[in-house]
Amino acid sequence: MNDPYNVLFLCTGNSARSILAEAILNRVGAGKFRAYSAGSYPKGEVHPYALQLLKTLNHDTSFARSKDWQEFAAPGAPEMNFVFTVCDNAANEACPVWPGQPMTAHWGVPDPAAVDGTDAEKHLAFAEAYRMLNNRISIFVSLPMNTFDKLALQKRLDEIGRDLPKAG
């Protein structure tokens, strides 16, 4: 396959976790994957702690904007190969019908934007979400895609979302 696999990360607000995942995959999967993110009820802006963390880790943040998932179900949108939900709310919502019937999995990560506490505790929550997403995405990009049949690949995608310990 010469074209990169298109991957959509979904969350409710598309302001933190899905944005982090988009940045991570576009870095670690460069050339093999092209990441996008969206939300079912986008906040309209990216969380400032997410942007600050990405900038600190030398990610380009020019891509970062909070957008509705309908943007990727519309005619002319990139056809997705994979769609991953990264928050429990989005996983339980009725998703649009994605052109091309992409493979899907739920990779739930606690919402760092929901953390109450000091600035340090909030920044730590964003760093932990980044770590969890980076671990999952690193496993995903290392999968030998062309050696899996669809059922085996789906099983492995589901395992990636379950295998890592949740923050707690």
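The values are calculated or read from the model by the stated rules, or taken from the named source; none is laboratory data. Small disclaimer: the values here were computed from a predicted structure and weren't measured. Here Cβ is always computed from backbone atoms with ideal geometry, including for glycine, and neighbour counts include all displayed protein chains. When the accessible area is computed, the model is the full protein with side chains, heavy atoms only, and any ligands, DNA or RNA have been set aside. Shrake-Rupley method; radii C 1.70, N 1.55, O 1.52, S 1.80 Å.
Testing Arg27 on (1) under 17 Å from Met132 (Cβ atoms); (2) out of contact with any Pro (no Cβ under 8 Å at 6 or more places or on another chain); (3) open to solvent by less than 40 Å² (accessible area, probe 1.4 Å), one condition comes back false. Which one is that? With respect to (1) under 17 Å from Met132 (Cβ atoms); (2) out of contact with any Pro (no Cβ under 8 Å at 6 or more places or on another chain); (3) open to solvent by less than 40 Å² (accessible area, probe 1.4 Å), Arg27 is out only on (3).
Using the structure shown, decide if Gly76 is open to solvent by 50 Å² or more (accessible area, probe 1.4 Å) and either outside any loop (DSSP other than H, G, I, E, B) or not hydroxyl-bearing (Ser, Thr, Tyr) (or both). So Gly76 passes the test. Consider Arg65 carefully, then state whether it is of a type in the set (D, E, K, R) and free of Cβ contacts under 8 Å to residues at least 40 places away in the same chain. Against the criterion (of a type in the set (D, E, K, R) and free of Cβ contacts under 8 Å to residues at least 40 places away in the same chain), Arg65 qualifies. The set of residues from segment 136-157 being modelled with pLDDT under 90, charged (D, E, K, R) and closer than 14 Å to Thr104 by Cβ comprises just one member, Lys150.
Residue pairs whose Cβ atoms lie under 9 Å apart, separated by 6 or more positions or on different chains, with the first residue in segment 104-121 and open to solvent by less than 40 Å² (accessible area, probe 1.4 Å) and the second polar (S, T, N, Q), are Ala105/Thr85; Ala105/Gln154; Trp107/Thr85; Gly108/Thr85.
Here Pro96 meets the list (1) more than 18 Å from Asn135 (Cα to Cα); (2) in a loop (DSSP other than H, G, I, E, B); (3) modelled with pLDDT of 90 or more almost entirely, failing just condition (3).
The set of residues in segment 1-28 being closer than 17 Å to Gly39 by Cβ, in a loop (DSSP other than H, G, I, E, B) and free of Cβ contacts under 8 Å to residues at least 60 places away in the same chain consists of Asn14 alone.
Name every residue in segment 122-154 that is free of Cβ contacts under 8 Å to residues at least 40 places away in the same chain, in a helix (DSSP H, G or I), open to solvent by 50 Å² or more (accessible area, probe 1.4 Å) and under 17 Å from Val7 (Cα atoms), in order of residue number. Of everything in segment 122-154, those that are free of Cβ contacts under 8 Å to residues at least 40 places away in the same chain, in a helix (DSSP H, G or I), open to solvent by 50 Å² or more (accessible area, probe 1.4 Å) and under 17 Å from Val7 (Cα atoms) turn out to be Asn135, Ile139, Ser142. The set of residues in segment 36-68 that are open to solvent by less than 20 Å² (accessible area, probe 1.4 Å) and either in a helix (DSSP H, G or I) or at positive phi (or both) comprises Ala50, Leu54.
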